[in-house]
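K.L.:
Quick one: this structure, given as structure tokens, is what I'll be asking you about.
The values are calculated or read from the model by the stated rules, or taken from the named source; none is laboratory data. For clarity, every value in this text was computed on a predicted model and none was experimentally measured. Methodologically, a virtual Cβ is constructed for each residue, glycine included, from the backbone with ideal geometry; neighbour enumeration extends over all protein chains shown.
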């Protein structure tokens, strides 16, 4: 007995959240696994989203005085060894280059040849190689602050991978700044975190909690790690971006020195900060529903899709109207999809409609022949579906389109925020942690930071697979948030 | 006895062209060698140029219906082995990943650990890994054409490297398109080459000769390689971009099949095409002079720099005027540099002036106190220097700025084209090739393609370190261009 499912995505979120996640990505054609273990292929629709994210955030960091540059992919092993904590943090997941040629073997296969004197690792992060350049570039306090960023690929050999969330190779931006004083570095780390909050909340519609990581969750080698933490629809946390105050640790290990205003030599104070393609996973798990992805309008590859419904002798009038509408919307700066070439015989309108739903295109416009004859169209907001279905004059829609998109953007944020806020529970004792997280319950608990010093704390955390997410700034560092996490 | 050199760059082009090239890059602060053998660091000023180039060319390929995506950095060895010519072409310069962890050794150093079952190479190019995805994505003729591109880093282990021109790691775009028919693939390869010509000539002011590579200069595995060839100021050729018609070679080796319109299964016809950071080297060697870099205005990181000359009690009026001018120019879409913060005591105006010259900023504006009091400024075009120095009203300059930049762009192209055209010599016999290139003479010779079949041709080429550059389209493939090359 095969019953037609009532949702476009099978299984639903409630039935199997991890599998739902994979199916949303597949249905939206955003990414797929590659034959290279743990490495993903970002498909055109997923990459278009990343390009929009890059463009927006790149503008934000340039406004903050950061300059883009590019540093080598490979890091000599001896560099990695310079910062002890840093090595410990990354040694278990480094891809190592040991040879620089291939030779045919006897069976007609290929073998590595030309052994390197010193092996290299593919950058898991670039503190050491950028720090080495900073050591050469910075001579005097006049060379400070120095603020550098690169958009690049990095590699961390992960054993269990999941598209966007945890892959051996991923794309990110990594910022590396250097300052004269400890205070400036700390302020900068917080300022970059604030730019992440702004970006996540105001562009990706991801509500985040800003705070400081507990000592055991710090970036290897940092004196403080600041984080934005989001809550997914299964109640788990996603670390969505981090900004590290590295103090003088890296400057000392790699020699970033400068002549100070007093004429004495001093070590610089550095920061590093990064966000990655992981944010796309966060958007899917925050905004998606049982019919697929829902794209936040501000970063959506397409903001409006126009679908003609043709059924009679005169399709040209509808097609012309769709063309005109597309031109009008594009002129208003709205990213609009309409493919005149996609003929009706190739793809049925209802398939196009479901395609648009699964891809999460914010507004779907439908134009049939009767509507066309009246100069009208029907539009639907992806997040609200039928309840917003509205028929109006074409010009009226063009005038309103920006407002509809803005309202949707705001609603998505508010909805996600309400969802999250309902799932943060204040508790006061260690015992209650275990009780709260029994029965696979999601969400975060919040309690006094002192609980971390209590006997048995680590046992409770381990038993329920919990981690400290952060000490929220909103609580002045007096409370700690705890939850399960991706 | 130290005599002050009369040029900002020492040595001059005539004295030592390769060393001049390195010094121009250093003086303009565009790039430097890294501690990773053969890998460069692209510094902010060089990277800003690359970003402008990317933005412009990315728009061009999107207009051509190409979609960006991202494919894995690593390629399994077994993939490389699938196309015999392709392996032969790249086996000698592959960085090979053999391990996925690091372990501390007895001396406190680090050693590779966790040997991989199958090693990977870092992509030298991505035909195989993208072809493998195409084989999954393409089922029917309806899925064609498929046009993909990625902006990424690639690695080719080079023994002798030179900044931008030949580095082990470089940045590029690689396009990979698939078609139903041989004719479409050929047309597309030519169309993408035409986009390279347009980009090189109309944006980078690099005159190029379009043509087909001779058989021995083809991309490994291609049935035809098309190229844009530029001539540097030392008379050597630079291959500035290539577009390959891969026929069905790659489709057959990796299985890109589709059901055709006739219902039968067929192999796709594919193309690949790439330009890289090498183009920056080409611009330096085409446009630079003995005072440093000259940036083509359309891609220059800054198009105008404003330098205040302050010497008396009232610097504020000059500074205010510079600020206003900067705002006015930016409003007109002109990338303008003026750093109010750079105080006179830190950097003298003459140092700023020479800095701007060496960086090749197209227009330098100087404002002194007397000029400011009259609402005037002095501007100089970088390529023509003193002969264009002109004092005019500020508003007049603002109105003319776009025209000045456009004129400079055109002049740079015309100058480079005249230089090149003077150095292409028609000859008719094999003997004359040797005679022409005696005494280290640069430039290209052009002669009948039949000469390549003559006995002794290869000896002459080897003796004088010559290569065939291309069979120019302008000569209908009947002639071949020969020269020394980077």
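K.L.:
Mind listing just one residue for me: the one in the stretch A:35-45 that is at the interface with chain B (Cβ under 8 Å from one of its Cβ atoms), closer than 14 Å to residue A:164 by Cα and touching a helix residue (DSSP H, G or I) at 6+ places or on another chain (Cβ under 8 Å) and, of those, surrounded by the most Cβ atoms within 10 Å (Cβ to Cβ)?
P.N.:
Once the filter is applied, the top-ranked residue is A:42.
K.L.:
Go through (1) within 25 Å of residue B:284 (Cβ to Cβ); (2) at pLDDT below 95 for residue B:477 and report which single condition fails.
P.N.:
Answer for residue B:477: the failing condition is (1).
K.L.:
Taking the stretch B:13-34 as the search range and keeping residues that are out of contact with any strand residue (DSSP E or B) (no Cβ under 9 Å at 6 or more places or on another chain) and outside any helix (DSSP H, G or I), which one is surrounded by the most Cβ atoms within 10 Å (Cβ to Cβ)?
P.N.:
Initial filter on the stretch B:13-34 (out of contact with any strand residue (DSSP E or B) (no Cβ under 9 Å at 6 or more places or on another chain)): B:14-17, B:19-20, B:29.
Remaining after also requiring outside any helix (DSSP H, G or I): B:14-16, B:29.
On the way: B:14: 10, B:15: 12, B:16: 13, B:29: 16.
Here the answer is B:29.
K.L.:
Going by the conditions given, is residue A:372 in contact (Cβ under 8 Å) with a residue 60 or more places away in the chain and crowded, with 20+ Cβ neighbours inside 10 Å?
P.N.:
no
K.L.:
Please verify whether the stretch A:414-422 includes one or more residues that are touching a strand residue (DSSP E or B) at 6+ places or on another chain (Cβ under 7 Å), at pLDDT below 95 and in a helix (DSSP H, G or I).
P.N.:
First, the residues of the stretch A:414-422 that are touching a strand residue (DSSP E or B) at 6+ places or on another chain (Cβ under 7 Å): A:420.
Next, from what is left, pick out any that are at pLDDT below 95: none.
Within the stretch A:414-422, none of the residues are touching a strand residue (DSSP E or B) at 6+ places or on another chain (Cβ under 7 Å), at pLDDT below 95 and in a helix (DSSP H, G or I).
K.L.:
Against the conditions (1) in contact with a strand residue (DSSP E or B) (Cβ under 8 Å, 6 or more places away or on another chain); (2) more than 10 Å from chain B (Cβ to nearest Cβ); (3) at pLDDT below 95, where does residue A:54 fall short? Just the number, please.
P.N.:
Condition not satisfied by residue A:54: (3).
K.L.:
Something else now. Quickly run through the stretch A:58-98 and pick out the residues that are at pLDDT 95 or above, crowded, with 21+ Cβ neighbours inside 10 Å and more than 9 Å from chain B (Cβ to nearest Cβ).
P.N.:
A:66
K.L.:
Further question on the same structure: Is at least one residue of the stretch B:139-149 facing another protein chain (nearest Cβ under 10 Å), surrounded by 15 or more Cβ atoms within 10 Å (Cβ to Cβ), over 18 Å from residue B:271 (Cα atoms) and within 25 Å of the chain's Cα centre (by Cα)?
P.N.:
The answer is no, given that none of the residues of the stretch B:139-149 is facing another protein chain (nearest Cβ under 10 Å), surrounded by 15 or more Cβ atoms within 10 Å (Cβ to Cβ), over 18 Å from residue B:271 (Cα atoms) and within 25 Å of the chain's Cα centre (by Cα).
K.L.:
Further question on the same structure: Among the residues of the stretch A:127-135, is there at least one that is surrounded by fewer than 21 Cβ atoms within 10 Å (Cβ to Cβ), assigned by TED's automatic domain parsing to the domain that holds residue A:281 and touching a residue at least 40 places away in the same chain (Cβ under 8 Å)?
P.N.:
Checking the stretch A:127-135: at least one residue is surrounded by fewer than 21 Cβ atoms within 10 Å (Cβ to Cβ), assigned by TED's automatic domain parsing to the domain that holds residue A:281 and touching a residue at least 40 places away in the same chain (Cβ under 8 Å).
K.L.:
Separate question: Just to check your reading of the model, which residue among A:167, A:181 is in the same structural domain as residue A:270 (by TED's automatic domain parsing) and surrounded by fewer than 21 Cβ atoms within 10 Å (Cβ to Cβ)?
P.N.:
Only one candidate qualifies: A:181.
K.L.:
Filter the stretch A:437-448 for residues that are surrounded by 11 or more Cβ atoms within 10 Å (Cβ to Cβ) and modelled with pLDDT under 95 and give the result.
P.N.:
A:437, A:441, A:442
K.L.:
What is the one condition in (1) within 27 Å of residue A:446 (Cβ to Cβ); (2) crowded, with 22+ Cβ neighbours inside 10 Å that residue A:268 does not satisfy?
P.N.:
Residue A:268 satisfies all of (1) within 27 Å of residue A:446 (Cβ to Cβ); (2) crowded, with 22+ Cβ neighbours inside 10 Å except (1).
K.L.:
If residue B:216 satisfies all but one of (1) surrounded by fewer than 24 Cβ atoms within 10 Å (Cβ to Cβ); (2) not in a helix (DSSP H, G or I), what's the number of the condition it fails?
P.N.:
Failed condition: (2).
K.L.:
Next question. Within the stretch A:150-167, how many residues are within 11 Å of chain B (Cβ to nearest Cβ) and assigned to a strand (DSSP E or B)? Spell out the reasoning first.
P.N.:
Let us first name the residues in the stretch A:150-167 that are within 11 Å of chain B (Cβ to nearest Cβ), namely A:150-159, A:167.
Those still in the list that are assigned to a strand (DSSP E or B) too: A:150-155.
Selection size over the stretch A:150-167: 6.
K.L.:
Can you tell me which residues in the stretch B:449-466 are touching a strand residue (DSSP E or B) at 6+ places or on another chain (Cβ under 6 Å) and crowded, with 16+ Cβ neighbours inside 10 Å?
P.N.:
The initial filter retains those residues of the stretch B:449-466 that are touching a strand residue (DSSP E or B) at 6+ places or on another chain (Cβ under 6 Å), namely B:449, B:466.
Matches in the stretch B:449-466: B:466 only.
K.L.:
Restricting to the stretch B:64-99, and then to whatever is assigned to a strand (DSSP E or B) and in contact with a helix residue (DSSP H, G or I) (Cβ under 7 Å, 6 or more places away or on another chain), can you tell me which residue is nearest to residue B:249 (Cα to Cα)? I'd like the intermediate steps shown before the answer.
P.N.:
Of the residues in the stretch B:64-99, the ones assigned to a strand (DSSP E or B) are B:67-68, B:70, B:74-76, B:96-99.
Right, trim to in contact with a helix residue (DSSP H, G or I) (Cβ under 7 Å, 6 or more places away or on another chain) and you get B:67-68, B:70, B:75.
Values: B:67: 23, B:68: 24, B:70: 23, B:75: 19 Å.
For the stretch B:64-99, the residue satisfying everything is B:75.
K.L.:
May I pose another question? If the requirement is being in contact with a helix residue (DSSP H, G or I) (Cβ under 8 Å, 6 or more places away or on another chain) and more than 23 Å from residue A:148 (Cβ to Cβ), which of these qualifies: A:48, A:28?
P.N.:
Numbers: A:48 fails: in contact with a helix residue (DSSP H, G or I) (Cβ under 8 Å, 6 or more places away or on another chain).
A:28 is the lone residue from the list that is in contact with a helix residue (DSSP H, G or I) (Cβ under 8 Å, 6 or more places away or on another chain) and more than 23 Å from residue A:148 (Cβ to Cβ).
K.L.:
Of all residues in the stretch A:104-122 being within 7 Å of chain B (Cβ to nearest Cβ) and at pLDDT below 95, which is nearest to the chain's Cα centre (by Cα)?
P.N.:
Among them, the one singled out is A:110.
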